[in-house]
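*Asks:* Here you go, one structure.
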Amino acid sequence: MLPLRENAKRNRSTWIQYCPFCLADDEAPYFRRQWRLASRVSCFVHGCGLRDRCPACRGGIAAFDQTELIPQHFCARCGFDLCRAPKATVKAAARRLERAIDDICRVEVAKGSPPINGLVSRLLRAPVAADVTSAKTLTNLSTSARIRCFESLAAKPDDWLAADKDATIAHRRRLILAAGGHDRLIARFTDLLEKHQDSLRPKRSSPPGTDLPVLLTAYARIMTGTRHFVRWSEIVSARISAYDPNQDLTLRPG
Ligand SMILES: [Zn+2]
Ligand SMILES: [Zn+2]
């Protein structure tokens, strides 16, 4: 979580970030909970970088510090409409890393893995791994400094995050990092299964109750039980709606 500060110096974090395009799309603009996370630097909807300052007065966003009641998307200091803030860019590799980190955290929280504390402290030390010198802790860096940090880490080996004495956990983290996120990994796995099933068709009959859409729906239900797990359910729904029941697309033992 980003810390609350009275005055944020340049390169230092502020209390909250925002995506100007999300605010502009909202009927009643509001700040998202995930914009408080130091591990988030881009908008998963618009693909642009988040911002943590008003582009007009350079002040941190302090919607809670209003002297008069105004909508949240106006800077409390100078009144600038944050929906009009220019687009910030983040390299695709850094966005893939961010998405993979988000998914790794969610998977490890959902599984209740003990190494989650170790994972959090590694994330906090990310600026050290990235050789970003303005602060040693991720939560202390401004959004633009964290974007640079993620861009630098995306070009480095993934040991800073993936390595673990439990080989299974390290392997799972590497798979998610290599795929650029959990949903992409599952999508690839599903494609592979489909190809495999195509090559087997129509040699065997399908056992009841084990077809792929049913399995994916059940898995999506488990995963949507974890907080914010929206993207995964979207991809599963898309896959299920694209599913043709006349095709013999089933999972078989062996
Ligand atoms: Zn957005
Ligand atoms: Zn301002």
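*Asks:* With every protein chain kept in the model, how would you rank Val120, Val45, Val107 by accessible area, 1.4 Å probe, largest at the top?
*Replies:* Val45, Val120, Val107
*Asks:* Calculate the spin-label point distance for Ala155 paired with Asp131, positioning each point 7 Å from the Cα along the beta-carbon direction, and give it in nanometres.
*Replies:* 0.9 nm
*Asks:* Sticking with this one: Given a 1.4 Å probe, how much area per residue of the stretch 92-171 is accessible, in Å²?
*Replies:* Result: 46 Å² of accessible area for each residue.
*Asks:* Just the accessible area for Glu151, please: 1.4 Å probe, Å², rounded to the nearest 10?
*Replies:* 50 Å²
*Asks:* Could you check the spin-label model distance between Asp81 and Ala163? Points 7 Å from the Cα along Cα→Cβ, value in nm.
*Replies:* The two pseudo-label positions are separated by 5.1 nm.
*Asks:* Rank these residues by their accessible area, most exposed first, probe 1.4 Å: Phe31, Phe189. Walk me through the numbers on the way to the answer.
*Replies:* Numbers: Phe31 35, Phe189 120 Å².
Largest accessible area first, the list is Phe189, Phe31.
*Asks:* Give, as ranges by residue number, the residues of the stretch 131-154 whose backbone N falls under 20 Å from the point 7 Å along Cα→Cβ of Arg58.
*Replies:* Once the point is set 7 Å along Cα→Cβ of Arg58, 133-135, 140-148 turn out to lie under 20 Å by backbone N, inside the stretch 131-154.
*Asks:* Let me ask something additional. Give the whole-number value, in cubic angstrom per residue, of the convex hull volume spanned by the C-alpha atoms of the stretch 92-171.
*Replies:* Details: hull volume 7.1 nm³, N = 80.
It is 89 Å³ per residue.
*Asks:* If you consider only alpha-carbon coordinates, what radius of gyration and Dmax does the stretch 1-145 have, in Å?
*Replies:* 15.6, 46
*Asks:* Next question, about the same structure. Which of Lys91/Lys165; Lys91/Lys195; Lys9/Lys87; Lys156/Lys195 have a Cα-Cα distance over 24 Å? Intermediate results must be reported in sequence, preceding the final value.
*Replies:* Numbers: Lys91/Lys165 31 Å; Lys91/Lys195 32 Å; Lys9/Lys87 22 Å; Lys156/Lys195 33 Å.
Checking Cα-Cα distances, Lys91/Lys165; Lys91/Lys195; Lys156/Lys195 exceed 24 Å.
*Asks:* Ignoring ligands, DNA and RNA, how do His196, His73 rank by accessible area with a 1.4 Å probe, largest first?
*Replies:* Ranked list, largest accessible area first: His196, His73.
*Asks:* So between Leu124 and Arg36, what do we pick up on full extension, going 0.36 nm a residue minus the alpha carbon distance? Numbers along the way, then the final one.
*Replies:* Values: separation 88, 0.36 × 88 = 31.68 nm, distance 1.44 nm.
This chain segment gains 30.2 nm when fully extended.
*Asks:* Normalising by the residue count of the stretch 92-171, find the relative contact order in percent from Cα pairs under 8 Å and 6+ residues apart.
*Replies:* Once normalised by length, the contact order is 30 percent.
*Asks:* Now for a different question. Take every Cα-Cα distance within the stretch 46-91, group them into 5 Å bins from 0 onward, and report for each bin the whole-number percent of pairs it holds.
*Replies:* 5, 24, 30, 20, 12, 6, 2, 0
The values are calculated or read from the model by the stated rules, or taken from the named source; none is laboratory data. Keep in mind the model is a prediction, meaning the values are calculated, not measured. When we count neighbours, we look across all protein chains shown, and the Cβ atoms used for this are built from the backbone with ideal geometry, even at glycine. Surface areas here come from the heavy atoms of the whole protein model, side chains and all, with no ligands, DNA or RNA. Shrake-Rupley method; radii C 1.70, N 1.55, O 1.52, S 1.80 Å.
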